[in-house]
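All remarks here apply to the structure that follows.
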Amino acid sequence: MRRLIAILILILAALPAHAETPVETILAGTLNAYIRSTYAELKTATDALAVSAKALCETPNAVTLKTSQAAFSDTALAWSKVEWFRSGAVMNDNRLERMFYFPDRKGLGLKQVQSALAANDESASKPETLITKSVAMQGIGASEFLLFGTGSETLATSDGAYRCSYILASAQTISAIAADLQAGWADSSEASVLWLKPAADNPFFRTDAEALNLLIGTMVHGLDAIRDMRLNNFIGKTPDADKPKLAAYWRSGNTFSSIAANLEGLQNFYEGSGMQLVLPAGNEGLLRTIKFDFGQAIKAAKALDVPVIEVLADPDLRKKAAYVQLTVQILIDHFEKEFAVAAGLDAGFSFGDGD
């Protein structure tokens, strides 16, 4: 009997392992090359922000203020690389909104932050009580106003003590959210296990086709959001219709650098996943075009490295901003009208409706 068992073990060991489908290979690539690495980058940036905020509060001066402002910019750009990936841990416990509540069309968050400053509200200066407040008071948006908005110059002196305590609480809250996001995709996490293989009871996707829809839909929704929530939100059809103060990160001067980071994140998502595996031979031209247009859009956005108010006030720079709009729309068309069709998705599928 022992000899028979030993022979069976040898036979089973010699059998080929279950081969991954192309979509399963793409899902594994997405998890390892994009999700985990990008959340790790975010965690590093948010930790540095919390450390710099603590140093600013302990030793307020121009140097520590500048260091905290730079750490904020690093955090905003790290978040921009992953903010359009909206699956898993980020969709729980209001983490998405707590990290960055935008757009805030009625300015409710700003009013709440200003009210806390005016009242020296102690509950906003401690992480354990800040998290019970409005999501708009907790994250990146609140931190930007505190570090760059009206009155931020007091942070370089002892007069900014309360404001700094609020910044520190916000930075620690942001860092805690980043830690939750990273832990949510760790090896042992439920999300990581479910992500790797479609199944009938999988809340992410039941079939390979649904998984592919989610992946390409993430690209399309992300590009749509850059166009509508970032660019079209503040660039009018004419210069007179421009509204630069509706732009994300206008106070910190990170508007276009964050858009570049948005695009870099989506490019990393696309390339890291190996999504191209699902395309049949003969689509090499489309892949080259997508790579080129991503490069053009990112390069154009990075070149606009001045405050958005200056961009829109300069006719030449405004034309370059319009070029970023154009290239983003071209990328949307590539994925929605060409890539999805070439990948064999149902021509009637609507990414815009989230079907």
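Just so you know, all these numbers are worked out from the coordinates, no wet-lab data involved. What you see is a predicted model, and the numbers here were worked out from it, not measured in a lab. Here the Cβ positions follow ideal geometry from the backbone for every residue, glycine too, while neighbour counts run over all protein chains shown.
Quick look at the values:
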{"quantity": "Between region 109-134 and region 299-336, the alpha-carbon center distance in angstrom", "calculated": "35 Å"}
{"quantity": "Computed lengthening from ASP314 to THR238, 0.36 nm per intervening residue step minus Cα-Cα distance", "calculated": "26.1 nm"}
{"quantity": "Helix 108-119 axis, angle to the chain major axis (alpha carbon atoms, nearest 10°)", "calculated": "50 degrees"}
{"quantity": "At R0 = 30 Å, FRET efficiency that the Cβ-Cβ distance of ILE330 and MET229 yields, to 0.05", "calculated": "0.95"}
{"quantity": "Nearest-0.05 FRET efficiency for LEU110 and ALA342, computed from C-beta distance (R0 51 Å)", "calculated": "0.70"}
{"quantity": "Rounded to whole Hz, the Karplus (6.51, -1.76, 1.60) HN-Hα couplings of region 254-267, x for glycine and proline", "calculated": "9, 4, 7, 5, 6, 5, 4, 5, 3, 5, 4, x, 5, 5"}
{"quantity": "Highest-fluctuation residue, SER37, SER80, SER258 considered, GNM on the chain with Cα pairs under 10 Å", "calculated": "SER37"}
{"quantity": "Residue-wise HN-Hα coupling along region 218-231, computed from phi with Karplus coefficients 6.51, -1.76, 1.60 (Hz; x: Gly, Pro)", "calculated": "4, 4, 5, 4, x, 5, 4, 5, 4, 5, 8, 8, 9, 7"}
{"quantity": "Restraint check, LYS43/LYS243; LYS66/LYS126; LYS302/LYS337; LYS197/LYS337; LYS106/LYS237, Cα-Cα greater than 25 Å", "calculated": "LYS43/LYS243; LYS302/LYS337; LYS197/LYS337"}
{"quantity": "Proximal charge balance of GLN329 [Cβ under 12 Å; K/R count +1, D/E count -1]", "calculated": "-3"}
{"quantity": "For the chain, calculated [θ]222 nm from helices alone, where every DSSP H run of n ≥ 4 adds -39500 (n - 2.57)", "calculated": "-18500 deg cm²/dmol"}
{"quantity": "Gained length - ALA55 relative to ARG206, 0.36 nm times residue gap less alpha-carbon distance", "calculated": "49.5 nm"}
{"quantity": "Cut-off 14 Å between beta-carbons: net charge of the residues surrounding ARG288, Lys and Arg +1, Asp and Glu -1", "calculated": "-3"}
{"quantity": "Among PHE102, PHE292, PHE234, residue whose mean-square fluctuation peaks in a GNM of the chain (springs only between Cα atoms under 10 Å)", "calculated": "PHE292"}
{"quantity": "Choice from SER273, SER188, SER252 with maximal GNM fluctuation in the chain (Cα, 10 Å cutoff)", "calculated": "SER188"}
